[in-house]
Amino acid sequence: MSTSLTVFRSERVVTPEGIRAAAVVVRDGRIEGIDATVDVPRGAQVVDVGSDALLPGIVDSHAHINEPGRTDWEGFATATAAAAAGGITTVVDMPLNSIPATTSLAALRTKAESASGQCAIDYGLWGGVIPGNAGELQAMVEAGAPGFKAFLVHSGVDEFPAATRDVLDVAMPILAKAGVPLLVHAELTDHEPPFAGDVRAYASYLASRPAAWEVDAIRMMIDLCRKHRAPVHIVHLSAADALDDIAKAKAEGLPFTVETCPHYLTFSAEEIEAGATHFKCAPPIREAENRERLWRAVASGLIDLVVSDHSPCTPALKKLEAGDFSGAWGGIAGLQLSVSAVWTGMRAHGLGLDVLVERMARRTAALAGLSHRKGALKPGLDADFVVFAPETRFKVAPEDIRHRHRLTPYAGRELEGRVLRTYLRGQRIFDATEGLTGPRIGQWLPRG
């Protein structure tokens, strides 16, 4: 049986031990070794990227791909192409907004069948917790679901109803025993009031989803985490007011983690113009002062990871023509641009490539149960690489977007850090000059 052997060289290889000049030896899709100097074996291919950085493939543990059922919003073929162009080599798909929602073993199998053969990158599939599906959870874990998502408020789609505290009291002991996390959309309210004010004003939308909703939800989840000792992960934190409670939970030793997203770290409420509904998401983008508090938490590690929360829809559902924040679908399309957007902010805040990799590759892989294969450059792991030009600036052009729909709040924005090439298990799958290269070799990665 023949083997493939490639040596990747860079003056800036981002390893767990630091950033250094090194050679990475890849045999049959896995990293065999990393050293400052390597005698190139006979017959080996050499890929020398010079001063461009060599990063592990990014693992995005929060994206809505929407297939099957709402493939006109997004789909596995387009989403994974966009991800590859953005340096993401593994994506974990959320259990909504597909139809059926991934809340049963049968639905998990349906989604896996839908994705098979379409994906440019590797992928995982989260399950969901909804009222009445506790009997499905263990079977879904055994089939490979790495964890489960729950909403504490209406999800926006009727097939994925909110989970009450009573529902979570039943589900969380099952997840605790299985050792998988509960991912929580943390907004909580007894009453969602009708939209008030000018529907075109972003301030009206922001007022409709106050920070207190997030704070109250997170306090409830800390209490449930303490009660059940089940791992809890708060998705897409936007309210910095919750950080003190999160810090206390971590200091107590609870298995409690949190993420935020590029749009919360990039944009601010003050800059969103009237009618610019492509900025609408839930929880909402908040004020610039709030954004800077989030950045401090990213820098300190209090916020564990940064993920895209790519949640696109058809342009018509954004109601841009009317500019109606009350009726527009809430979700940001940004999968392809998340790494560059975050790196732009990291450079501005004095953070390095090591922090980028920690927040967007190593910790995301750990959350999804993929640390045995993904998230770092070290022997034994998959040879997933990003050739990254961290000093290169570029303006986001809609025609370069590979999402199914090109509507994104990043359009026209100048970002730093360009993905030049992406490799999956040692094979080049994207080149900035050539586009996608080779066959779609992405695989479903059930929880390890």
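The values are calculated or read from the model by the stated rules, or taken from the named source; none is laboratory data. Here the structure is a predicted model, which is why all the values come from computation and not from measurement. Here the Cβ positions follow ideal geometry from the backbone for every residue, glycine too, while neighbour counts run over all protein chains shown. All accessible areas refer to the heavy atoms of the entire protein, side chains included, with ligands and DNA or RNA removed. Shrake-Rupley method; radii C 1.70, N 1.55, O 1.52, S 1.80 Å.
Carbon-plus-sulfur accessible fraction, the range 330-438 (probe radius 1.4 Å, protein heavy atoms only): 44%. Per residue, the average separation of C-alpha pairs within less than 8 Å and at least 6 apart gives the range 212-365 a relative contact order of 22 percent. Amide hydrogen proximity for A63: with H placed 1.01 Å from N in the peptide plane, the residues at 5 or more positions away or on another chain lying under 5 Å are V92, M94. Have a look at I222, I332, I58 and tell me which one the Gaussian network model of the chain (Cα, springs below 10 Å) gives the largest fluctuation. Per the Cα network of the chain with a 10 Å cutoff, I222 tops the list. Relative contact order of the range 289-369: 33 percent, from C-alpha pairs under 8 Å at least 6 residues apart in sequence. Considering only G18, G350, G330, the Gaussian network model of the chain with Cα springs below 10 Å gives its largest mean-square fluctuation to G350. Note down the relative contact order for the chain as a percent, whole number, built from C-alpha pairs under 8 angstrom at least six residues apart. It rounds to 22 percent for the chain. Rolling a 1.4 angstrom probe over the range 213-310 with all protein chains present gives an accessible area of which 46% lies on carbon and sulfur atoms.
Hey, can you find the accessible area per residue of the range 240-394 for me, probe 1.4 Å, expressed in square angstrom?
Value for the range 240-394: 32 Å² per residue.
Test of the criteria: in the range 11-97, which trypsin sites (Lys or Arg not before Pro) are in a DSSP loop and have at most 10 other Cβ atoms within 10 angstrom of their Cβ? Before the final figure, lay out the partial values.
Numbers: sites: R12, R20, R27, R30, R42, R70; in loops: R42, R70.
In loop regions of the range 11-97 (DSSP not H, G, I, E or B), the sparsely surrounded trypsin sites (Lys or Arg not before Pro) are R42.
Put a dot 7 Å past the Cα of D223, heading toward its Cβ, do the same for R165, and the two dots end up 0.4 nm apart. The candidates E11, E187, E17, arranged from most to least accessible area with a 1.4 Å probe in the full protein assembly, appear as E17, E11, E187.
Annotation: extensible slack from S51 through R296 equals 85.3 nm (criterion: 0.36 nm per residue apart, minus Cα-Cα distance). The C-alpha atoms of the chain define a longest principal axis, and helix 105-115 lies at about 50 degrees to it.
In the structure shown, do any of K177/K374; K149/K227; K250/K318; K248/K378 have a Cα-Cα gap over 28 Å, and if so which? The pairs that break the limit, which is 28 Å between Cα atoms, are K250/K318; K248/K378. With θ taken as phi - 60° and the Karplus curve 6.51 cos²θ - 1.76 cosθ + 1.60 applied, the whole-hertz 3J(HN,Hα) list for the range 414-429 is 8, 10, 10, x, 10, 6, 8, 8, 10, 10, 10, 6, x, 9, 6, 10 Hz, x standing for glycine and proline.
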